[in-house]
Amino acid sequence: MATSINPKVNAAAGGAAVAAAVTTIGAWALRQFAGVELPADVQGAVTIVLAAVGAWAAGYAKSDGRHAAE
């Protein structure tokens, strides 16, 4: 039984982390430069959506083209 993590999973986790950081920086920039304060619920929802998109995009980019379960 293999215990290594598939590279697609690593890429997806990294993509989600980057997307979460981008959301935080974006919310800070809105507050600093535009005076817009995002409610915590909205920032959380944006983080979830961007994390999902980041995980999908990074996992897809790392995909080897095989989509069957191993």
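Nothing in this text is a laboratory measurement; each read-out follows from the coordinates by a stated rule. For clarity, every value in this text was computed on a predicted model and none was experimentally measured. Here Cβ is always computed from backbone atoms with ideal geometry, including for glycine, and neighbour counts include all displayed protein chains.
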Take the conditions under 23 Å from Asp64 (Cα atoms) and out of contact with any helix residue (DSSP H, G or I) (no Cβ under 6 Å at 6 or more places or on another chain) and apply them to Ile5. Does it pass?
yes
Residue count, region 38-47, condition surrounded by 14 or more Cβ atoms within 10 Å (Cβ to Cβ) and part of a helix (DSSP H, G or I), comes to 3
Quick one: in region 2-37, which of the residues that are within 19 Å of the chain's Cα centre (by Cα) and outside any helix (DSSP H, G or I) is surrounded by the fewest Cβ atoms within 10 Å (Cβ to Cβ)?
Ile5
